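Undergrad: Below are the structure tokens for one structure; questions will follow.
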Amino acid sequence: MRSIANKFLTVRVKEQGAELCSIKDAGGTEYLWQADPAFWARHAPVLFPIVGKLLNGRYDLNGKTFELPPHGFARDMKFSLVEQSESSLVYQLLPTTETRKCYPFEFALTIAYRLSDNCLSVEYAVRNTGASVMPFSIGAHPAFNLHGPVDECFLEFDKTETLNTVLLSGKGLLTEETVPVLADTNILPLSKTLFDRDALIFLDTKSEKITLGAKNSSRRLTVEFPGFPHLGIWAKPGAPFVCIEPWYGYADTEQLYGDITNKPGIQLLPAGETFTWTHRVSIE
């Protein structure tokens, strides 16, 4: 476990999954979920090289079939620390014999954590070091503590939204059924039943910033995710946390799409190129 700090925040990250494990303010208040297994035994896993589940846990590529677990393998692998300073930590994951069996591509996945005042930037870079186009998805899955009873907490979008969530099947796949969540408003109240049908999945939002707050608390946490095409919001029903998840990609539907390069939401990275994106967490 490594730490970085300034006068506003202290952040801890572990090598396993290059996973963010703690965000504390100067007074010692913890903003990141502490992986209580009674609800969910993770903090903020990275989702790579897929987001969500594959149909039957498999995908096709150039006439061959491969298997990948939900959300891919990066979250369960040990990253190498490649750079460290007082205010930054940079981790990297390279292919192994095992990853090539389920994902036959050469890549370098780099995750950088950088502190600036009361803001933590999480920077992801996916480099295709192979000779062919590389299909992939990537996403963040951070869980944030609620600073009040769940029924007093809310998410504030930075733009007025009318949004439907795409429902998941019992197998964790996207269905064609949608349910209204926001109707010309920017406030989403949390509740004990909001996630009874699993995650809220928004395939297209106008907002690029969401603030988590509670009615009787002055504490605010904001997640900025400029440019992200998809968004997930999730918690275990009744749990004292909520995940705000910017994604590039999403789970399969029950409809076959053939080769993974045809998968809806997939990113196609040419040989030798690098895909980068950043989300930021600010504490008030």
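The values are calculated or read from the model by the stated rules, or taken from the named source; none is laboratory data. Quick caveat, the model's predicted, so the values are computed rather than measured. With ideal geometry, Cβ positions are generated from the backbone for all residues, glycine too; neighbour counts draw on all protein chains shown. Heads up: the accessible areas ignore ligands, DNA and RNA and are worked out on the full protein's heavy atoms, side chains in. Shrake-Rupley method; radii C 1.70, N 1.55, O 1.52, S 1.80 Å.
Undergrad: If r is the Cβ-Cβ distance from Ser121 to Asn262 and R0 is 45 Å, what FRET efficiency results, to the nearest 0.05?
TA: 0.85
Undergrad: So, one more: If I take every Cα pair under 8 Å that is 6 or more residues apart in the range 1-99, average their sequence separation and divide by the length, what percent do I get for the relative contact order? Write out the running numbers ahead of the final one.
TA: Numbers: 175 pairs, mean separation 23.9, N = 99.
Answer for the range 1-99 is 24 percent.
Undergrad: Moving to a separate point now. Tell me whether the range 1-151 comes out rounded, prolate or oblate; compute the Cα gyration tensor, take square roots of the eigenvalues as a ≥ b ≥ c, and use a/c under 1.5 as the rounded threshold.
TA: Taking the square roots of the gyration eigenvalues as a ≥ b ≥ c, the range 1-151 is oblate.
Undergrad: Let me ask you something else. Rounded to the nearest whole Å², what accessible area per residue is found for the chain with the 1.4 Å probe?
TA: 44
Undergrad: Per residue of the range 271-284, in order, report the coupling 6.51 cos²θ - 1.76 cosθ + 1.60 (Karplus, θ = phi - 60°) as ³J(HN,Hα) in whole Hz, putting x for Gly and Pro.
TA: 4, x, 9, 10, 9, 10, 7, 9, 10, 10, 10, 10, 10, 10
Undergrad: Given +1 on the Cβ of Lys and Arg, -1 on the Cβ of Asp and Glu, and no further charges, what dipole in debye does the chain carry about its Cα centre, rounded to the nearest 20? Write down the numbers at each step before the final one.
TA: Values: 27 positive and 33 negative charges, 120 e Å.
Approximately 580 debye in magnitude.
Undergrad: Counting only protein heavy atoms and a 1.4 Å probe, tell me what percentage of the chain's accessible area is made up of carbon and sulfur. Before the final figure, lay out each step's value.
TA: Working: 5840 of 12440 Å².
Roughly 47 percent of what the probe reaches on the chain is carbon or sulfur.
Undergrad: Can you list the equivalent-ellipsoid semi-axes of the range 157-284, largest first and in whole Å, using the square root of 5 times each Cα gyration tensor eigenvalue?
TA: Output for the range 157-284: semi-axes of 27, 20, 13 Å.
Undergrad: Return the distance in nm (one decimal) between the two label points of a simple spin-label model at Leu94 and Thr160, each offset 7 Å from Cα along Cα→Cβ.
TA: Distance between the two pseudo-spin positions: 5.3 nm.
Undergrad: A follow-up question, please. Report the relative contact order of the chain, percent, no decimals, based on alpha-carbon pairs under 8 angstrom and at least 6 residues apart.
TA: 20
Undergrad: At 1.306 mPa s and 10 °C, plugging the Kirkwood radius over alpha-carbon pairs of the range 228-284 into Stokes-Einstein gives what diffusion coefficient in µm²/s?
TA: Details: Rh = 14.5 Å.
Here the translational diffusion coefficient equals 110 µm²/s.
Undergrad: Sequence-distant or interchain residues sharing an amide H contact under 5 Å with Leu190, placed H: which?
TA: Correct list: Cys153, Phe154, Leu155.
Undergrad: Past 22 Å, Cα to Cα, is the threshold; run Lys209/Lys263; Lys101/Lys171; Lys53/Lys263; Lys14/Lys171; Lys192/Lys215; Lys53/Lys101 against it and keep the listed order.
TA: Lys209/Lys263; Lys101/Lys171; Lys14/Lys171
Undergrad: Same structure, new question: Suppose only helical runs count, i.e. DSSP H with n ≥ 4. What mean residue ellipticity at 222 nm does that imply for the chain under -39500 (n - 2.57) per run, divided by all residues and rounded to the nearest 500 deg cm²/dmol?
TA: -500 deg cm²/dmol
Undergrad: So, one more: Please turn the phi angles of the range 237-252 into ³J(HN,Hα) values with the Karplus equation 6.51 cos²θ - 1.76 cosθ + 1.60 (θ = phi - 60°), one per residue in order, whole Hz, x for glycine and proline.
TA: Karplus values, whole Hz, x for Gly and Pro: x, x, 6, x, 8, 9, 9, 10, 10, x, 10, 10, x, 7, 5, 5.
Undergrad: Give or take rounding to whole Å, what are the principal axis extents of the alpha carbon atoms in the range 1-73, in descending order?
TA: Largest to smallest, the principal-axis extents are 55, 26, 16 Å.
Undergrad: Let me test this: with uniform point scatterers at the alpha carbons of the range 147-186, what is the Debye-based log₁₀ I(q)/I(0) at q = 0.16, 0.17, 0.20, 0.29 1/Å?
TA: -0.60, -0.65, -0.78, -0.89
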